[in-house]
Amino acid sequence: MNAMNYFSIKQISYKTILVISMILFFICYYLDSVIDPRQTESIFVVGYMFAIMLAAFWSIINYIDHLRINPLYKTYESIDQFVHDLDISDDEKMEIKTMMVDYVTDQKSLGKSEDTAIREIISQFKNEELHKPSGSDVFFVHVHKYLLGLGSILLIAGIFVYLVNEFSSKSVLLAVLEITLICYAAGFYLSFIMYNILNKVLIKK
């Protein structure tokens, strides 16, 4: 994974849910800081809880969205669909596709139907791969290193806002922004740890 993937926002699924969570947390924190908490304490508690629940919900569905079932355990009707799902390089995909198409062509010349030949070659390939140590894993898991990169960006931004606020007017707005950035940076790091624990549970040790 190259360095750019550490900072790839594209790898985050369901961004809207995460953004709503951050905005809600920020607004509740800010209002809680400028309004007498004795008057509106319960409202902000509900707001905080909802923001945290949204972040937790995002963490779950983001992980699920990155899971991929091993194509060796799925059924395919065409070579293109099967090869497309393989977790290999484009060059390797092209090589395997060429081999499979050649097999189907040969079998058709011997009188077999195209559908039968396609099922046969896919089945043969699956059986060979399943006997390899790396072929029996049911799921392909994601490393999720983008969480470290994006978490670091939020952390650095939070520290920067803190320094600006310390040497300026000490604005409540900046203080709240600083805490929000640092909290969600910590959330990214925590998600990375949890994701890797789940990865170890799902994949074969």
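The values are calculated or read from the model by the stated rules, or taken from the named source; none is laboratory data. As the structure is a prediction and not an experimental result, all values here were calculated from the model. So basically every Cβ, Gly included, is an ideal-geometry build from the backbone, and we count neighbours across all protein chains shown. The protein model used for the area step is the full one, side chains on, heavy atoms only, and it has no ligands, DNA or RNA in it. Shrake-Rupley method; radii C 1.70, N 1.55, O 1.52, S 1.80 Å.
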For this session: Would you check if there is a residue in the stretch 104-112 being part of a helix (DSSP H, G or I), at pLDDT 90 or above, more than 26 Å from the chain's Cα centre (by Cα) and surrounded by 16 or more Cβ atoms within 10 Å (Cβ to Cβ)?
Result: yes
Exercise. Only one residue in 101, 83 is open to solvent by less than 30 Å² (accessible area, probe 1.4 Å) and assigned to a helix (DSSP H, G or I), so which one is that?
Worked result: 83
Exercise. With respect to residue 68, is the statement that it is touching a Phe, Trp or Tyr at 6+ places or on another chain (Cβ under 9 Å), open to solvent by 100 Å² or more (accessible area, probe 1.4 Å) and within 30 Å of residue 196 (Cα to Cα) true?
Worked result: yes
For this session: Please determine, by comparing only the residues of the stretch 1-56 that are at pLDDT 90 or above and assigned to a loop (DSSP other than H, G, I, E, B), which one is farthest from the chain's Cα centre (by Cα).
Result: 14
Problem set entry | From 177, 202, 130, 148, residue being within 14 Å of the chain's Cα centre (by Cα) and either open to solvent by 40 Å² or more (accessible area, probe 1.4 Å) or closer than 17 Å to residue 55 by Cβ (or both) | 148
